[in-house]
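Here's the structure, in structure tokens; my notes come after.
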């Protein structure tokens, strides 16, 4: 198994994906810095400023919305094996297909966490710098900000594994990207508009990630537009458990389903 | 040694391979012949564990491919639709699979020299010609110094010089006592290369045996034998 993990690591870093990942991580983090510099009080509609707990959480929570990006990178990594037909050589070298998938999951869990940490580091630095430039004291203590950033990094690692699973299941790279993007940005948000969805949303991946990162902006915005009840998210620890559950389920499905498939 | 026993594969209502039984012995190159759609690639994929047989079995040295402990050290394969990550260099590609198979860095250097990949090792695979890609496929197959080789149209895309090189190379491997199964459409080439043939049509075995035993006064070349047995015009 060590050899397979090592090979997958080498495969990943021999491609341009880590470079694109780093660019995306820096871009995501810098976006948070830009939003902080503009200030939530200048958003449309205006929101509480960085000097409030809600304002600081809001800006950091927007980073959680970008957890979709590493999920796309995870999907790309696995679906590319089918697109470029390297899956044949991989299956010849590792005929126990579950082992190849487990190796990918291990590598992409680490890569996803690395992506999350890089994003969180850039975002945290940018947030503190923006607050200093504006002469504002953040509404959350530095330890709380760091803890929130850490949770966002973990959520990104989980989302990366969800992306790997979707890539392993759908195999078609474009279809996998469309399904993943469509689900996170359209389906979950659209579900919020349905009556009773407030009961289900906390248990969906997006709701669990929102609980983990304390970000309720999207749910609250939809509720205010539709006149529905505002969504009560799970406690952060339970949100983490739900997200972990989805991640494990996705990993299990990603490992189990390809076992019975012919490679034609 | 490669053995198939009653090997069959159905895709829905279509029977691609039907009760195929043959043996590929070590020490000689065995050509796997048949018209397009005869089931050659499907059979090779079943031998290599990529397709699950609907019935029957395929074994390599007495074991199913999936049961081989270090498959790339026992079997090397070139399949025509296999690909490369476009941004990987040829060298990086070989290093990934060497790592996966537990093969050393020095072995990567060896196969690059033997197959001629060393000449373009630093180039991204997306820039390689068809012939270069075939050499890289062959280098990947040889990483584990396997005793059994299963090669689907390995000469595709090679120039005349490359084909001559491949012929000598495969003969040399067979001469070392390895088992070499090669599918090809180029009968003149097969005649120079192979000692044995396995011929199939519509998924069924037509004939198998030594080339010298199949050629006769009525069918003086392998082409005559092939066209006579597979229903083509002689």
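With the Cα gyration tensor of the stretch A:2-260 giving a ≥ b ≥ c as the square roots of its eigenvalues, does the rule (a/c under 1.5 for rounded; else a/b larger than b/c for prolate; else oblate) give rounded, prolate or oblate? Write down the numbers at each step before the final one.
Working: a/c = 2.36, a/b = 1.59, b/c = 1.49.
Cα axes put the stretch A:2-260 in the prolate bin.
Take every DSSP beta bridge whose two residues both sit in the stretch B:2-230, then give the antiparallel share in percent to the nearest 5.
For the stretch B:2-230, the DSSP antiparallel bridge percentage is about 55.
Ordered by the number of other Cβ atoms lying within 10 Å of each residue's own Cβ, fewest first, B:82, B:87, B:57, B:183 fall into the sequence B:57, B:87, B:82, B:183. Compared with the dominant Cα axis of chain B, that is its longest principal axis, helix B:90-101 is turned about 70°. Taking chain B as a Gaussian network of alpha-carbon nodes connected by springs under 10 Å, the highest mean-square fluctuation of the residues B:200, B:60, B:163 belongs to B:163.
Considering only B:161, B:110, B:191, the Gaussian network model of chain B with Cα springs below 10 Å gives its largest mean-square fluctuation to B:161. Between the Cα long axis of helix A:68-83 and the first principal axis of chain A there is an angle of about 10°, rounded to the nearest 10. Within the listed set A:154, A:78, A:136, the Gaussian network model of chain A (springs between alpha-carbon atoms below 10 Å) gives the highest mean-square fluctuation for A:136.
Per residue, the convex hull around the alpha carbon atoms of the stretch A:96-145 comes to 65 Å³. Global dimensions of the protein assembly as shown from alpha-carbon coordinates: Rg and Dmax equal 28.4, 99 Å. By DSSP, the beta bridges lying fully in the protein assembly as shown are antiparallel in about 55 percent of cases. Only helices enter the 222 nm calculation for the protein assembly as shown: every DSSP H run of n ≥ 4 contributes -39,500 (n - 2.57), and dividing by all residues gives -17500 deg cm²/dmol, rounded to 500.
Each Cα pair under 8 Å and six or more residues apart adds its separation to the average, and for chain B the resulting relative contact order is 28 percent. The stretch B:68-92 and the stretch B:147-202 have Cα centres lying 18 Å from one another. Shown for B:115, A:143: other C-beta atoms within 10 Å of each C-beta, ranked fewest to most, produce the order A:143, B:115. Distance distribution note for the stretch B:103-174: the fraction of Cα pairs above 14 angstrom is 59%. In the frame of its principal axes, chain B has Cα extents of 51, 37, 33 Å, reported largest first.
Taking the beta-carbon count within 10 Å as an exposure proxy, list B:185, B:137, B:103, B:91 from fewest neighbours to most.
Taking fewest neighbouring Cβ atoms as first place, the list is B:185, B:91, B:103, B:137.
Take every Cα pair under 8 Å whose residues are at least 6 apart in sequence, average their separation, divide by the length of chain A, and the relative contact order is 25 percent.
Quick note: the coordinates plus some simple rules give every number you see, no bench work behind them. Fair warning: this is a prediction, and the values are worked out from it, not measured in the lab. In this analysis, Cβ positions are derived from the backbone assuming ideal geometry, glycine residues included, and neighbour counts consider all displayed protein chains.
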